[in-house]
1. When residues of the stretch 567-583 are filtered for being buried (at least 16 other Cβ atoms within 10 Å of the Cβ) and of a type outside the set (Phe, Trp, Tyr), how many remain?
2. Yes or no: ILE590 among the aliphatic types (A, V, I, L, M), open to solvent by less than 60 Å² (accessible area, probe 1.4 Å), within 30 Å of GLY542 (Cα to Cα) and in contact with a Phe, Trp or Tyr (Cβ under 9 Å, 6 or more places away or on another chain)?
3. Pairs only if they're at least six apart or on different chains, beta carbon under 7 angstrom, first in the stretch 215-238 and closer than 23 Å to ASN106 by Cβ, second in a loop (DSSP other than H, G, I, E, B) and open to solvent by 30 Å² or more (accessible area, probe 1.4 Å); list them, first residue then second.
4. Pick out the one residue from ASP507, ASP523 that is out of contact with any strand residue (DSSP E or B) (no Cβ under 6 Å at 6 or more places or on another chain) and without any contact (Cβ under 8 Å) to a residue 24 or more places away in the chain.
5. Output the residues belonging to the stretch 170-194 that are surrounded by fewer than 11 Cβ atoms within 10 Å (Cβ to Cβ) and either within 15 Å of GLN134 (Cα to Cα) or among the hydrophobic types (A, V, I, L, M, F, W, C) (or both).
6. Name every residue in the stretch 153-164 that is out of contact with any Asp or Glu (no Cβ under 9 Å at 6 or more places or on another chain) and either aromatic (Phe, Trp, Tyr) or open to solvent by less than 20 Å² (accessible area, probe 1.4 Å) (or both), in order of residue number.
7. Sort out which residues of the stretch 288-324 are closer than 27 Å to GLU384 by Cβ, in contact (Cβ under 8 Å) with a residue 60 or more places away in the chain and assigned to a strand (DSSP E or B), and write them in order of number.
Amino acid sequence: MLYYSGLINQMGEVHHGNTVTDYMDQERERGITITSAAVTFYWKKNQFNLIDTPGHIDFTMEVEQTLNVLDGAVVILDASAGVEAQTMTVWRQADKYKIPRIVFINKMDRNDANVLYCCQSIEEKLQVPTLCTQLPLIQNGVFTGIIDTITMEKIIYEKNDVNKISRIKISEKSEPALWNDANEARSRLVDILSALDDTLANLIISSESFDAVTALDIVKALRQVTLDQKAVPILMGSAYKNIGIQPLMDSVILYLPSPMDRNKHFTSFEENTCARAFKVRHDRQKGPLVFFRIYNGNISKGQKLYSIQREISEQCGKLYIAYADDLKEVDSIQNGNIAVVSGLKHIMSGDLVTNSQTTAQKAKNKMLKLTTKKNTELKEESVENLFGVGPQIPEPVFFCSIEPPSLAYVNALDNALNELQREDPSLRITHDAETGQIVLSGMGELHLEIIKDRIIKEYKIEADLGPLQIAYWEAPVNRLTDSLLMDTKIGNNKQMVNVMLSLIPTDKFIPLTDVMKLDKSPDAASNIATIFPRHLLAIRNGIEVGLTHGPKIGCRVVNTEIMLHKFEVGRGTSESIISAAVTQLVQKLIRESGTNILEPIMYMEIAMPDEYMPTVMADLARRRPDIQNVTLRGTMKVIVVNVPLAELLGYSTVLRTITGGTATFTMEFSEYRIMTASEENVAIKSVRGF
């Protein structure tokens, strides 16, 4: 895209490690995208703000942050594999943000490319109708171009000249077989479209035939159906052979929304700035750079920005337009664009920013008024979400300890980890009070490997990472109620707390912030109504600390609610004593209730040639599998299976070895599941060492 738009004069290749948007060393070594990169370019007098996001499960957070600010998306599939496990994850994320999308089937030059299979897998797995707007053009067994079924033209690409492209009208006389295929596909497309778009249906009814439908009518209907997310247009090509890229860029203009078509509720900010931060990057020279998507107004150099989530104002430093890792300084950036701002210390990705607190409040009130109108799509809940927290951070599934090489590097390592955590919120950094170690929690093996690699290469710290551990959870078994009286003297101050709590096991995961419940019964309510807010906060903190360590393997306690029945406190009792008393009681309740250990289960799809099926199955058998399905994908066999994450450490290396590098697998997190007694003993031994 960048080459055809004239932004670069020579194309890079992923396998050569010289592409524009994969600029990190780690991306170039591995040939994968790790961090999202923004680029601005022009095509046919339209400005494209393109963000290239990762596809790997370990970097889901990068996709989540980016989707939050997009207007439309192009989902890229492998022509031989169709919808994979990770495609489903990204698709669900795009559904959550209601993003119109088109699908581009890449690698059409492969011998096992299968458009029909790809379309079927989209309809089956993603539950969305497909609108095939193109067909592959195969000459002597080689993929040489595409057939545009809307205009009934064939688009041929010259093998030796990437810029040479010819559009030739298909005629019934000269190419009857090709014309028949294209005409059939066009009729099928119009048929599906007419069921989804009333304007097109009325046109067909009035003219009584499909032939009266012009290319313009089809394009209009396609745009409407895509914007309403009733179906998804399918395009195809080969990025490696430079086929199908220009029609894809045309389709982005034709079918995906412009910034003016979406986010109309942001006009409530009137002439003020409204933008969302979606990425933070640390630059050696320029310091922290925050990437914003502007929804309303514009951002100027040196202006003040107020973060609604953090409730703080900060002064912008310099202002840039991004070309991947290259930045061009400007004085101001308009609505609908991506702005990169330096000099911001506190604003995090996911924050919504505007000029001031009063501006934010005014806009919120105006939006809430809009929700009461009949024909609006805006709901009160979505306004609260907009002004509330940023994107949800997924729970980490892996963790390991990290140590600086010597005491001289302690501060440098702390600084490096703080910068990395600000860039990537899915990386969690905690200090283990018992061992005194720094613990990193992340989304997978690759995620933590990349973090280690960056600490060594970018920050020049030879840090040691401990062995990878699985993030188990514990869940209480029995409901219990108990009270605790703490009456002590510290110095000359008498400290007295009397608290009564219930531990209530639940079937579902409850975020820490919602765990505390207040007893609404008449006897308890009168006592609870007299508790000071600062004491309630101390109780809440005590509960949160009490749930961080389970009795069996010291991991987090989940699937529970803690109900407060009674609370009495002596005058002059400090908040830390209140928290300590509550923590003590919560820990006692959990111990007496008994707990089950929960482990993370992964959903996997493993694809391999038929002859390796018995070998892979035999290897899976010792990994506690729950096999869901075995299907065919072209000549490949595909096993769909749920496997505990604990059994998958180093699985990619094992799979490569036993299949001679021919098998591939994709996986995503599925759920946490209770372990049996014998499995628990293995988990306890792996965590505690005995």
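1. The first filter runs over the stretch 567-583 and keeps only residues buried (at least 16 other Cβ atoms within 10 Å of the Cβ), leaving 567, 569, 573, 575, 577-583.
Applying the additional criterion that residues be of a type outside the set (Phe, Trp, Tyr) yields 569, 573, 575, 577-583.
So the answer is 10.
2. When the stated conditions are applied, ILE590 does not pass them.
3. GLN229/LYS98; ALA231/PRO129; SER238/LYS107; SER238/ASP109
4. Values: ASP507 fails: without any contact (Cβ under 8 Å) to a residue 24 or more places away in the chain.
None of the other options fit; the residue is ASP523.
5. ALA177
6. Hit for the stretch 153-164 is TYR157, nothing else.
7. Of everything in the stretch 288-324, those that are closer than 27 Å to GLU384 by Cβ, in contact (Cβ under 8 Å) with a residue 60 or more places away in the chain and assigned to a strand (DSSP E or B) turn out to be PHE291, PHE292, ARG293.
Condition check ((1) at pLDDT 90 or above; (2) among the charged types (D, E, K, R)) across all residues:
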| residue | (1), (2) |
| --- | --- |
| LEU193 | no, no |
| VAL213 | no, no |
| ASP217 | no, yes |
| THR226 | yes, no |
| ALA231 | yes, no |
| ILE243 | no, no |
| THR267 | no, no |
| GLN285 | no, no |
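The values are calculated or read from the model by the stated rules, or taken from the named source; none is laboratory data. Computed from a predicted model, the values in this text were never measured in an experiment. Cβ atoms come from the backbone with ideal geometry, glycine included; neighbour counts cover every protein chain shown. Heads up: the accessible areas ignore ligands, DNA and RNA and are worked out on the full protein's heavy atoms, side chains in. Shrake-Rupley method; radii C 1.70, N 1.55, O 1.52, S 1.80 Å.
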